[in-house]
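Please treat every number below as a calculation from the coordinates, not as lab data. This structure is a prediction, so every number in the text was calculated from the model and none was measured. Counting neighbours? That spans all protein chains shown, and the Cβs are built from the backbone with ideal geometry, glycine included.
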Amino acid sequence: MATPVRYQASRFAGWLADRHLPRWMRPFVFKTYCRLTGADWSQARGPLHIYPSLGRFFVRELQDGLRPIDPDPRHLVSPVDGTVQDISPIHEGTILQAKGHRYAVRELLAGVGEDIDLEGGHAWTIYLGPKDYHRIHSPCAGHLHRARWVAGARYSVQPRVLRKRMVLPINERCPLRIETEQGPLLLVLVGAVVVGRIRVVGLEAGGDHRLDPPRALQRGQELARFEMGSTIVLLAPKGSAVPLEGLGEGDTVQMGAPIGVWDPSAGKVEGATR
């Protein structure tokens, strides 16, 4: 079977992004990339010449203090910088990819969290564009129990594409299961065209990882990263977290900013006054 053109393009883009650049060329290349995409090179940690390739610059760390974590423990915080594609209830086992396009949440999860009753819960879908910071952080304190890489397509995840065709439940992805004092959360990292690599801190990419013992996570702790285009889908069962009032499609969010509120009946929220 012939390799689809988008896979060939992704392989070539990955090869190109990984090419080692001469030190003198790096600031010019990275600033040109930023001008084309709207990214802010001034937020990068360290001088631009320390990044040996465009791929390494793409997953750059940020200067300390630029993404403060919301101090209210009653809030679920955004794991990423990005644009809200959709916030929707989980209804009859489906969620919205975009207006008019529903898909089965179990297809997205590919076997992760099968024991969790998601009906009546909520899903946050956040798109990360080329300009965005592409590291992913934990939206809450808890423990990482499972990470499973799922093979799939590499369609673009741009909002205009999601409005036209089904993408999220068929693209390459990595569902994560996080257990918290308020109940389980599922965070799905969806790859895309152009490289599409998904990395989880401390785990070898690929396969099905069931962590024993589970890994402790602090709120806002770095958890994973995308190498080029991407989207995340965060799923909370009924009775755990609900969307932050006023947040909706098209809104821009930053990592660490509140996107949800823990249901006070869900369990203990450490440090909160109840």
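Points worth noting:
- Tensor-based shape of segment 118-274 (alpha-carbon gyration tensor, a/c under 1.5 rounded, otherwise prolate or oblate): oblate
- Amide proton proximity set for Asp86, modelled H, under 5 Å, gap of 5+: Thr125
- Most mobile of Pro139, Pro175, Pro71 in a GNM of the chain (Cα contacts under 10 Å): Pro71
- Using C-alpha pairs below 8 Å separated by at least 6 residues, the relative contact order for segment 75-262 is 34 percent.
- Projecting label points 7 angstrom from Cα along Cα→Cβ for Gln221 and Asp72 puts them 2.5 nm apart.
- For the chain, the number of Lys pairs separated by eight or more positions or lying on different chains, with C-alpha atoms closer than 27 Å, is 6.
- Length gained on full extension, Lys31 to Ala153: 40.8 nm, using 0.36 nm per residue less the C-alpha separation.
- Shape of segment 84-174, Cα gyration tensor, a/c cut at 1.5: rounded
- For segment 63-111: rounded, prolate or oblate by the Cα gyration tensor [a/c cutoff 1.5]: prolate
- Calculated FRET value between Glu181 and Arg160, using beta carbons and R₀ = 41 Å, to 0.05: 0.55
- In sequence order, segment 16-29 has phi-based couplings of 5, 5, 8, 5, 6, 9, x, 3, 5, 7, 4, x, 5, 4 Hz under the Karplus curve 6.51 cos²θ - 1.76 cosθ + 1.60, θ = phi - 60°, and Gly or Pro positions carry x.
- Note on His91 and Ala104: the extension gain reaches 3.7 nm, defined as 0.36 nm multiplied by sequence separation minus the Cα-Cα distance.
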